[in-house]
1. Of the residues 175, 168, which is assigned to a helix (DSSP H, G or I) and under 18 Å from the mean Cα position of the chain (by Cα)?
2. Starting from residues that are assigned to a strand (DSSP E or B) and either in contact with a His (Cβ under 8 Å, 6 or more places away or on another chain) or free of Cβ contacts under 8 Å to residues at least 24 places away in the same chain (or both), keep the ones in region 66-98 and report whichever is nearest to residue 200 (Cα to Cα).
3. Name the single residue, out of those in region 36-48 being at pLDDT below 95 and out of contact with any Gly (no Cβ under 7 Å at 6 or more places or on another chain), that is nearest to residue 325 (Cα to Cα).
4. Looking at 168, 175, which one is farther than 30 Å from residue 44 by Cα, out of contact with any strand residue (DSSP E or B) (no Cβ under 6 Å at 6 or more places or on another chain) and surrounded by 17 or more Cβ atoms within 10 Å (Cβ to Cβ)?
5. Anything in region 49-61 that is without any contact (Cβ under 8 Å) to a residue 24 or more places away in the chain and assigned to a loop (DSSP other than H, G, I, E, B)? List them, or say none.
6. I need the full set of residues from region 445-477 which are among the β-branched types (Val, Ile, Thr) and crowded, with 19+ Cβ neighbours inside 10 Å, in order please.
7. Residues to consider are 269, 256, 236; find the one that is closer than 28 Å to residue 163 by Cβ, out of contact with any Lys or Arg (no Cβ under 6 Å at 6 or more places or on another chain) and open to solvent by 60 Å² or more (accessible area, probe 1.4 Å).
Amino acid sequence: MLSMVVLRIRNAHKRKCALICLCIVGFIMYRYLRMPTTGWRLSRRVGLSANSSQFTLEGQPFHILGGSIHYFRVPRAYWRDRLLKMKACGVNTLTTSVPWSLHQPNREVFNFHTQLDLEAYINLAAELGLWVILRPGPYISSELDLGGLPSWLLRDGSMRLRTTYPGFTQALNTFFDKLIPKVVPLQFKKGGPIIAVQVENEYGTFAKDDSYMLFIKEALQSRGISELLLTSDNHNTLKSGGVDGVIRSLKLQKLNQKDIQDLIAIQPNSPTMVMDYWTGWYDVWGELHHVLPPEDYDAPLTEAGDYTPKYHLLRDLLSRYNRGDSFPDMPTLHYREAYEPAIMYQHLSLWDALSFTEGPFKSPTPVNMENLPVNNGNGQSYGYTLYETTITSGGLLKSGDNVRDRALVYVDRSYIGLFKRKNLEMAVPDGKGQRTLSLLVENCGRVHQGRDLDKQHKGLVGDILLNNIPLRDFTIYSLDMKPSFIDSLYQAPWKTLPENPSFPGFFMGRLFAYGYPSDTFLKLPGWEKGVVFINGLNLGRYWSIGPQQSLYIPGPFLNSGINQVQLCTNQHLLEGEWDIHVFAFLARVRQDAKLTLV
């Protein structure tokens, strides 16, 4: 009997050990199979290296054919589609930046989930056979507000961004303590797809602190980054943007042999690398859309994932570096649907929405957005701020260039004029007794590059003068347009759309999507300026001055059936037309796209 019990125990123990071994083997096979096809055969001890003539990966010659797709700009449901299209073009390496401002919107809040799940994005790239060059910043430019730096940094009146100023380095250390441990296990030598990491971004154009780049390098390495490090700068700032022990690379808008020679002269014993070969450019409100031949200046994919002529030219070009292997088939495009117009049927004036804002706050003098006591002491990042005070006379109102960036001005809720750049004065009509002067200030976005990052406060950044006397005793409302604010408005006293609604205000309508929702586009004929929300998601700004005249709606943003459409708008141009057109077409909207060619 005892021997039988011992036998059973031993058999159970063997089965348990076998199960554990099977799990281990399964995990190894999973890691083995999901790595880029050229990578899992390598020993993974050396990683990406640079000798005098070429890059090698684990001792074997390696060509980096890179392209950039930012996870935070593409709906998560379409990550796979965009990366497959990248691979089908012949790209073998994904580069992506990490937006500090999105991952840490408040000092106490970190977000690495859903749309911002960086680990999932990098793992997906590995699954699809792509290597990764990670660009964690902290400054990334990328046409993001403040270059991807969080606006709450500007609450410090002595802040010096992108330097070793303690207020900046302490905040950065806190962020890197959260970020870097997430990507360390995804490095090449640990079995992951990350073959290189960029140190900051184009610091040579800023270069206010000689010790800053060394600090960033050590901040990465001390937290476990062990792969090849890179910097990226323009040809004329390569020296000031580099750091010892880090490979320098170029940013180019147009191929110029002299720029290549400049890099070789500074770095003669390393291969030549172009980290950013700009194939697309951003548009500016009120100017023409950038359209140039595909041999020069546009993007391989549109915002909606459509192939452009540039894509086909690149696919042909990169096929010459593919060593005879055929490219994967190009993924089919998503189906587009034109829906019935979204009819706006309810209206809420700005003034009726104020009770749903955070505030009001009292202050003897104007307070800029970043220093408002909102968001648990983190200030206001985006949106609008309403400043109200009492006046007892008319006269000449002067902004003193202290409005950032536009302000609609009202007296007793009647519109009297607009403050904007080069429009710094207006007449206030006379009136009897005390009246309320209101300035609705719009943050049109902080610059993403240049040496004035520290000066990007928004709202009222100084005194407003009436008859040369500074206005005082303000009541301030924060309208940051966050999803929580938009959602709260469903409880507001909406009214049936009147024949002549007041402005500024909010409008609500419905869009009906039949069956499984498809990608579509929104056009707002007759609407002047504002912001569009679909099911509480901020779709983007619209402005009649263009050049953008439509907004892309990804199918995953829509529900089957009824979808809520909300508009925050300043003024309506046409009488009697309140619908919003929803249609399908092949967009030519800029997709953030850069090439890394070696």
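1. On inspection, the qualifying residue turns out to be 175.
2. 97
3. Per the criteria, the residue is 38.
4. 168
5. Listed by number, the residues that qualify are 58, 59.
6. 461, 464, 476
7. 236
Here is a yes/no grid of residues against (1) open to solvent by 30 Å² or more (accessible area, probe 1.4 Å); (2) part of a strand (DSSP E or B); (3) at pLDDT below 95:
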{"site": "401", "(1), (2), (3)": "yes, no, yes"}
{"site": "407", "(1), (2), (3)": "no, yes, no"}
{"site": "410", "(1), (2), (3)": "no, yes, no"}
{"site": "419", "(1), (2), (3)": "no, yes, no"}
{"site": "427", "(1), (2), (3)": "yes, yes, no"}
{"site": "430", "(1), (2), (3)": "yes, no, no"}
{"site": "436", "(1), (2), (3)": "yes, yes, no"}
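The values are calculated or read from the model by the stated rules, or taken from the named source; none is laboratory data. Computed from a predicted model, the values in this text were never measured in an experiment. Positions of Cβ are backbone-derived with ideal geometry, glycine not excepted, and every protein chain shown enters the neighbour counts. All accessible areas refer to the heavy atoms of the entire protein, side chains included, with ligands and DNA or RNA removed. Shrake-Rupley method; radii C 1.70, N 1.55, O 1.52, S 1.80 Å.
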